[in-house]
Every structure is written in structure tokens, then in C-alpha cells.
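Taken together, the values in this text are just the output of simple stated rules run on the coordinates, not laboratory data. Owing to the predicted nature of the structure, the values given are computational and were not obtained by experimental measurement. Reconstructed Cβ throughout: ideal geometry from the backbone, glycine too, with neighbour counts over all protein chains shown.
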Amino acid sequence: MYSVRMLLGLLCLAIAAFAACTIDDSADHQITLHRGLGTDPESLDPQKARSVQAADVLRDINEGLLGHSPDGELVERGAERWQVSDDGLIYTFTIREGARWSSGESLTAEHFVLGLRRLVDPAVASFYAQTVSDVVNANDIISGKLAVESLGVEAVDVRTLKITLRRPVPYLLSLLTHPSTFPAHPAYDASNDGNSARALISNGAYKLESWEPGSLLRLTRNEFYWDNANTAIDRVYHHVLTEEMSELNRYRAGELHVTSSVPPENFKQISEQYGDELRVAPYLGVYYYGFNLTRPPFKDDVDLRSALSMAINREVLIEKFTGRGEAPAYSWVPPGTYNYTPPQLGFAELPQVDRNVIARSFYEQAGYSAENPARIELRYNTSDTQKRIALAVQAMWRDVLGVETTLISEEFQVLLQNIHDRDTTQMFRASWIGDYDDAQSFLALMLSDSPSNMPGYANETYDSLVHRAAEQTDLDRRRLYLEEAERVLLADHAIVPLYFYVSKHLVHPDVHGWEDNVLDYHYSRHLSLSAAH
């Protein structure tokens, strides 16, 4: 005999292609938003997390001094106001009155001090430590020369936070929206893995109720959140779906309100079937292949790196294997970045047939031939899309150069660890999404001392130019230094940019409040549903 719940589930599946009919197990009929998540967060400790997926969840359960409106504009969050000194070196924030943790405790300026200290603490080893390198003493703390207490942040009183910089930072307010700068409760310490619900006392609109790795993160309303009265969604379920087709099928079955992406092979069909439910928009993100520049065969071999980059037909990749509005990438910083004109790879204007000829010449100069082919391992995270692109690049390298490429698919966290260790990895698939709308968000990544520098790139000229840019108070002079730094990076072929992202989601008509923006930030607290789900 079928139960009522089972019959309801069968009915949902029957009409799934046309309606979002999800089963609500709660007795109190709380409104639940179901969102797709491309992979498990590696951590939900704000100072330890590094992936886009972790940040998506962290923006639901925590918040910083500032945040974003639905359309991507900066707005006050943990701070209700701030002042900047005339020389641009001192920022004074007033913490919002009534702000509290999910435990009911008051949120104070000291908690923001603790969060920023954790960010630069070598014991925490934060991926994003260098992003606040312009705060007084940050670099010496990161390198272990000074104690974390010497960081230029101070709780003047319970509600007043002062941040002192060693030089002006035009994008500081945008940077303070990033999860790595979120406040830390004293329960967070260097030994905590950031993944237990006990430790995740949070200050956002939601709190973590449970986490089933590889499956589901359940968030529930934080009744102590300062803006709880204007939060429409009671619960948010982030469903971990590493395969884009599985996510699409869940959306079709009415089990998701929002997808994290859209599979390329079904893009045209999805566009025709779902119309305005498909949301595609410009996005500050680049998809690239990285070299391990600390070991052979790519260390000190710019000819081989050049040949591999030139032999990839980026136009074919985006037409045949992504096909969702992406643009071929011939720079590292995406076009459209605020106050910046990215320089391009030298071969960008050549037709592919000419690029192939030059690529073969570089390949031979590097000492390779049909009789002595380069043998390369390319690693990518397990995903249908990553596999399709890797297979296409493998074929291009073979046909143009004769390269023998071994493809290795790895779980995302394993891939990140192997890249970080630099022992076995030769080439790897990666991406970078701008944390704020400024070229610095991309170019600082490749500084030789940046923990985010996955290829291990090191060039003194590049470092000098990026640092000189940071010293400029004139924004036009700053831009010129940054553009010259990117020219150096591209001439070194330190990375292989393949294409620039667009954000792409399926958003059910019952979801209200969704607005496209270049950062692709969509806080669940800004959304509502037209009916309880």
C-alpha cells in the first residue's frame, strides 16, 4: 500500500518538467528553498574556505562588515556606517546595533578583529591571507615575523572597529564583503576544521542545521539575525550535485528551485524549453589550464608552454564544448573589469592555422618532435564538462603537435591538494572568480608569495609592477602598472587562459528577487517564493 507521501512524490515526478512540486517533510510547512551546489565545500570556516561553492554557503550563514544588494551594489551589513581618513589609511566602522550570533550573543568589534587576525595567522594557513596584505603588519605576521596581535586592526570599543592600512586600497570596501574577512566567534580556533555544526556559530540570516557530505547542507533561519523580519525563506537546502546533468534532472523533477550551472550539451534545448527561466549574464571569471612551474617539463621552458597554449583552438572549445555564451580568453583579467583594459596574448589576432604553424616551431625549439613527443599529464576535477574539454584539448595537442596526453580525473579536493603539493601534478584544470570588481583580484593571485598562486609562478618584474600599482593613489597610473604586469605574465605563458565565464542558472518562476550581477552573488535572504515549498 502506498503512503500519502509516496503518492505525492509520484505525482511530483509526473508533472516535474513543468512545475516545481517538492515534498515538504516539515510539520509546520516552513518555506524551503532548494539550491544546487556544484561540489561539497572544503570547509565552512570563513578563514579557511577557498572555493566558490563554500563562499555560496558562507554568504548564507555569515556576513561581513559590508555585503551586496541583489544587483551587486555595496551595502551595509555587519557595519551600519564607516568613515575614511583623509589620507585613505584609516577606516573606522560602527558595528550594527543589535547584531547577534546565532547563539544569541552580541556581535562585537572584537569578533571582526579575531576574524582578520585568523585570516593572517600562519597557524590557520588561510588561502586568502594575502588579500589583506596592505593592513599594517599583515605581511610580517603571515611570514611568521610578528605576532597576530600586531595586525593593524583594533576594537576601539564594543561597537567601533578601526583598520589601519600601510597604503591606500581603493577596493578595500569590496574586499570586506569576502567570506575570508567575516568575523570569527571565539569557538573558531586554529585547530578547528570548520566543518562541525557545533563550531559554526554564525551571524548571517541562516545557520547550519546539518551537513551530509556529498549530498546536502541544511540551513535553517537564524532567529537572532538583525534583519530576520525581512527574511522570507525559512530554510535553505544546498544540494551537492557534481554532475550537471544530474542537477538538470533534479530541476526538471521539481526538486530544485535554482541550479548552480547548466550542462553545455543541453544548453540549446534548455533555452528553448525554459525560456526566461534560463538566466545567462556576464561574470568575472576565467577558466584556465595551469602549469606546475616548479618542476620539469614546464619549469624554465617557455617554448613548450607557448606551443601548448597556441595549439588550443579556443573558438572551437566555446562553440562545441561549452556553448553557453562564453568568450575565448586571450588575457588573464576578464574584459569588463572596472577601470581596466586587459592586454592580450600576442597571437590573439592570428587565425588558428597560423597559430598552429608557430606552435609547431616553438615545440621543435623546445626539443620535441614526432620521434620524441612531449608526454604530459593533465588533471581535472571529476565532471562531465571538464572531461569533454580535456578530451578536446588532448585531441588538439595530438593533432597539431603530436603531444601524448594522459588525462587524470580526480575528486575536487584531491585535485586541489595535488596542485598544492606540486609533487605529481604537471598540468591542471582550474578557474578563478573575481572576489571583487578590480583587476587586482586576478593579478595578485600570481604574485610569487601568494598562497593562491597555484602554478608556482615567480617573476620579480611582475611582482614589482603589481606592488608599484598598489602604491599609486592616481587610479589611472595604477591601471597602467597593472596592465604592464599582465603583459609580463602573458609573455611568460605562465597559464593557459581558455575562456571567460558567464553565469548560467535555471531559476524557477516561483523564485522572486533574483537579479543578475557580474559577481554572480545571490544571497538566499534576498529571495522569496510565491508559494510555500
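Are any of the pairs LYS268/LYS387; LYS48/LYS268; LYS299/LYS504; LYS145/LYS207; LYS207/LYS387 more than 28 Å apart by Cα-Cα distance, and if so, which? Please report the intermediate quantities before stating the final value.
Values: LYS268/LYS387 20 Å; LYS48/LYS268 38 Å; LYS299/LYS504 36 Å; LYS145/LYS207 36 Å; LYS207/LYS387 35 Å.
Over 28 Å Cα-Cα: LYS48/LYS268; LYS299/LYS504; LYS145/LYS207; LYS207/LYS387.
Which distance in nm do the two modelled labels at ASN249 and THR341 give, with both placed 7 Å along the Cα-to-Cβ direction?
The answer from the label model is 5.0 nm.
Let me spell out the model: positive unit charges on the Cβ of Lys and Arg, negative unit charges on the Cβ of Asp and Glu, origin at the Cα centre of the stretch 165-309. What dipole size does that give, in debye rounded to 20? Walk me through the numbers on the way to the answer.
Numbers: 14 positive and 18 negative charges, 100 e Å.
So the dipole magnitude of the stretch 165-309 works out to roughly 480 debye.
Please rank GLU272, GLU484, GLU244, fewest neighbouring Cβ atoms within 10 Å first, as an exposure proxy. Before the final figure, lay out the partial values.
Details: GLU272 9, GLU484 17, GLU244 21.
Ascending Cβ contact count within 10 Å gives the list GLU272, GLU484, GLU244.
Compute, for the chain, the length of the dipole vector about the Cα centre, with Cβ point charges of +1 (Lys, Arg) and -1 (Asp, Glu) only. Units Debye, rounded to 20. Working shown, then result.
Details: 47 positive and 74 negative charges, 85 e Å.
The dipole of the chain has a size of about 400 debye.
Compute the separation of the alpha-carbon centres of the stretch 397-414 and the stretch 60-97 and state it in Å as a whole number.
Cα centres, the stretch 397-414 to the stretch 60-97: 44 Å.
Which listed residue (VAL132, TRP397, LEU278) has the Cα farthest towards the positive end of the charge dipole for the chain, taking +1 on Lys and Arg C-beta and -1 on Asp and Glu C-beta about the Cα centre?
It is TRP397, whose Cα lies furthest towards the positive end.
Report the relative contact order of the chain, percent, no decimals, based on alpha-carbon pairs under 8 angstrom and at least 6 residues apart.
Rounded, it is 20 percent for the chain.
For SER43, enumerate residues with amide H under 5 Å from its amide H, sequence gap 5+ or separate chain, H modeled in the peptide plane.
Hits under the 5 Å cutoff: ARG50.
Nearest 0.05, what FRET efficiency do THR461 and THR164 give at R0 = 25 Å with Cβ-Cβ as r? If you can, show how the numbers build up before the last one.
Values: r = 30 Å, r/R0 = 1.20.
So the FRET efficiency works out to roughly 0.25.
Please compute the modelled spin-label separation between GLU349 and VAL414, points set 7 Å along Cα→Cβ, answer in nm with one decimal.
Label at VAL414, label at GLU349, 4.6 nm between them.
Per DSSP H run of at least 4 residues, take -39500 (n - 2.57); add these up for the chain, divide by its residues and hand me the 222 nm value, nearest 500 deg cm²/dmol. All intermediate terms of the calculation are to be shown ahead of the outcome.
Values: 14 runs with 143 residues, N = 533.
Theoretical 222 nm ellipticity from helices: -8000 deg cm²/dmol.
Show the residues, 5+ positions off or on another chain, whose built amide H is closer than 5 Å to the amide H of TYR499.
Long-range HN contacts for TYR499: TYR287, ALA329.
Between ILE318, LEU89, ASN249, whose Cα lies farthest towards the positive end of the dipole of the chain when Lys and Arg beta carbons carry +1 and Asp and Glu beta carbons carry -1, centred on the Cα centre?
The residue sitting most towards the positive pole is ASN249.
Expressed in nm to one decimal, what extension gain is obtained for the pair GLU149 and ASN230 from 0.36 nm per residue of sequence separation less their Cα-Cα distance?
On the way: separation 81, 0.36 × 81 = 29.16 nm, distance 3.72 nm.
Full extension of this stretch gives 25.4 nm more.
Would you work out the charge dipole size for the stretch 283-502 about its Cα centre, treating the Cβ of every Lys and Arg as +1 and the Cβ of every Asp and Glu as -1, and quote it to the nearest 20 debye?
For this selection, approximately 480 debye.
Modelling each spin label as a point 7 Å along the Cα-to-Cβ direction, I'd like the ALA281/LYS387 distance in nm, to one decimal.
3.2
Taking the stretch 67-143, which GluC sites (Glu not before Pro) meet the DSSP loop condition and have no more than 14 other C-beta atoms within 10 Å? Don't jump to the answer; show the numbers that get you there.
Values: sites: GLU73, GLU76, GLU80, GLU97, GLU105, GLU110; in loops: GLU73, GLU97, GLU105.
Here the sparse-neighbourhood loop sites are GLU73, GLU97, GLU105.
Compare the Cα positions of ALA205, LEU519, TYR287 along the charge dipole of the chain (+1 at Cβ of Lys, Arg; -1 at Cβ of Asp, Glu; about the Cα centre) and return the one farthest towards the positive end.
TYR287
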